[in-house]
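Only one structure is covered here, and it is reproduced in the block below.
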Amino acid sequence: MKQPSTPDLSTRLIHHEYTPPQGFHAPQPAVHKASTVIFPNVAAMRAREWKDKSSYTYGLHGTPTTYQLEERLATLEGGLQCLLVPSGLAAISTVSLALLRQGDEVLIPDNAYGPNKALAEVELRHYGIRHRIYDPLDPADLASKITDATRLVWLEAPGSVTLEFPDLVEQVRICRARGVATVLDNTWGAGLAFAPFDLLGHGAGAEGALGVDVSVHALTKYPSGGGDVLMGSITTRDEGLHLRIKLTHMRLGLGVGANDVEAVLRALPSMALRYHAHDAAARDLAQWMGLQPAVAQVLHPALPGSPGHAQWKALCGAANGGQGAAAGLFSVVIDARHSQAQVDAFCDGLRLFKLGYSWGGPMSLVVPYDLPSMRTGATAHLRPGTVVRFSVGLEAVDDLRADLAQAMHQAFGTA
């Protein structure tokens, strides 16, 4: 009988018999990259279940690396289950597609993240799903707009760009009483400013606890912290709700890259330190901007007089050792006596604050907004003028203040 020949070198490299010893531990988790997952036999292939993280079936359904980040994020937000998606907007669209059907209605706050409203206006409408806009500062308006067709209410705390802080507790109570699911965009709160699944502090899951049904989070911001990763998460506490979203997630074929997951895992331990540093710097600069003649109004939830400040204090005031927590964003309204050209010149004149979207990274950013094109309802709580949003990074506060002063002097003749 002919003896089997030695396999070719290429075959031996692919099917190499060496396996590293067990028991290796280090501060950072290992990075597992896989599309194909190898099964020991057919019985195992048929028996494995991908829905509950008890095993592995295919890279798209999870690896040890993605499972670890999902579990840590669930802990961060007080949830029990978490899914990773390619961006914050992907988290929003996945939830809406999972929970809404033809003939349903979704309610969205007027100050919601713009792409969420655009999704409803175009894509969801194509599927026969209606949407209505409600006033985030008026719980009665939300209550009046819930109908028998309403299946989902989006919440933001605070709102996008203008940073109004709603009465989140009352909004959730209203929706719970009507049996309507609530989804919070918790990117600003990040699991650090307040607990989305335990708004009253009773303990998530405890009797009398009050919380949202789903929390979505743009991990692009504070969890990654570097301005170099796009990723989102969807966190829940209800197994049935999680499974509905997970099945849609699977059917849409949503996955994230292992190297991006590694970057978020590496940044997560420092997130609280970074978040509070951003917060402290933003409050300092926001207060200083409020003293400038060109500024008609400062929008920052932690500052008295900002829309929804009392609601922020009630929900977030006990965080961070009693100092409260408020992220690193603030906006200002440049007085209407100044032209758009002057506002643009102010933004262009900044040297450390760079023109760019997003936030939560080390570099400070600025964006001027055309607010009338973004809102449908009343904005009586806002002074006349042009809204400019700042994302405060990790630069020295004195340097950022000097940058604001020189740009204001150039554009408005004041500092």
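The values are calculated or read from the model by the stated rules, or taken from the named source; none is laboratory data. Computed from a predicted model, the values in this text were never measured in an experiment. Backbone-built Cβ (ideal geometry, glycine too); neighbour counts: all protein chains shown.
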Original post:
Does ASP279 qualify as being out of contact with any Pro (no Cβ under 8 Å at 6 or more places or on another chain), modelled with pLDDT of 95 or more and over 23 Å from TRP50 (Cα atoms)?
Top reply: yes
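Inside the stretch 36-50, can you point out the residues that are surrounded by fewer than 13 Cβ atoms within 10 Å (Cβ to Cβ) and either assigned to a loop (DSSP other than H, G, I, E, B) or of a type outside the set (A, V, I, L, M) (or both)?
Residues of the stretch 36-50 that are surrounded by fewer than 13 Cβ atoms within 10 Å (Cβ to Cβ), as a first pass: 36, 38, 40-47, 49.
Result: THR36, ILE38, PRO40, ASN41, ARG46, GLU49.
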Those residues of the stretch 234-254 which are surrounded by 17 or more Cβ atoms within 10 Å (Cβ to Cβ) and touching a strand residue (DSSP E or B) at 6+ places or on another chain (Cβ under 8 Å) amount to ILE234, THR235, THR236, ARG237, LEU241, HIS242, ILE245, LYS246, HIS249, LEU254
Within the stretch 293-330, the count of residues that are of a type in the set (S, T, N, Q) and either in a loop (DSSP other than H, G, I, E, B) or buried (at least 23 other Cβ atoms within 10 Å of the Cβ) (or both) comes to 3
Of the residues in the stretch 361-400, those that are touching a residue at least 40 places away in the same chain (Cβ under 8 Å), in contact with a helix residue (DSSP H, G or I) (Cβ under 7 Å, 6 or more places away or on another chain) and of a type in the set (A, V, I, L, M) come to MET374, VAL387, VAL388, VAL392, LEU394, VAL397, LEU400
Checked PRO362, PRO372 against criteria (of a type outside the set (A, V, I, L, M) and modelled with pLDDT under 95); the one match is PRO372
Checking GLY328, GLY322 in turn, the sole residue that is small (Gly, Ala, Ser) and closer than 25 Å to PRO109 by Cα turns out to be GLY328
Only unsatisfied item for TYR357, checking (1) over 30 Å from PHE197 (Cβ atoms); (2) surrounded by fewer than 17 Cβ atoms within 10 Å (Cβ to Cβ); (3) aromatic (Phe, Trp, Tyr), is (1)
Sole miss for ASP213 among (1) within 18 Å of GLN81 (Cβ to Cβ); (2) buried (at least 19 other Cβ atoms within 10 Å of the Cβ); (3) in contact (Cβ under 8 Å) with a residue 60 or more places away in the chain is condition (3)
| request: Determine, yes or no, whether LEU84 is of a type in the set (A, V, I, L, M) and surrounded by fewer than 22 Cβ atoms within 10 Å (Cβ to Cβ). | output: no
Note on the stretch 318-332: residues over 20 Å from the mean Cα position of the chain (by Cα) and either among the charged types (D, E, K, R) or modelled with pLDDT of 95 or more (or both) are VAL332
Residue hits (the stretch 272-284; buried (at least 22 other Cβ atoms within 10 Å of the Cβ) and either under 23 Å from GLN410 (Cα atoms) or of a type in the set (A, V, I, L, M) (or both)) are ALA282
The condition from (1) of a type in the set (S, T, N, Q); (2) in a loop (DSSP other than H, G, I, E, B); (3) closer than 21 Å to ARG151 by Cα that SER224 misses is numbered (3)
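Within the stretch 227-258, which residues are part of a helix (DSSP H, G or I) and under 30 Å from LYS354 (Cα atoms)? Break it down into steps so the answer makes sense when it comes.
Step one: filter the stretch 227-258 for residues part of a helix (DSSP H, G or I), giving 239-251, 258.
Hit for the stretch 227-258 is ALA258, nothing else.
Conditions tested, residue by residue: (1) touching a Lys or Arg at 6+ places or on another chain (Cβ under 6 Å); (2) β-branched (Val, Ile, Thr); (3) in contact (Cβ under 8 Å) with a residue 12 or more places away in the chain; (4) assigned by TED's automatic domain parsing to the domain that holds THR187.
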| residue | (1), (2), (3), (4) |
| --- | --- |
| LEU13 | no, no, no, no |
| GLY23 | no, no, no, no |
| LYS51 | no, no, yes, yes |
| ALA98 | yes, no, yes, yes |
Screening GLN22, GLN3, GLN28 for residues that are under 28 Å from LEU254 (Cα atoms), part of a loop (DSSP other than H, G, I, E, B) and modelled with pLDDT under 95 leaves only GLN28
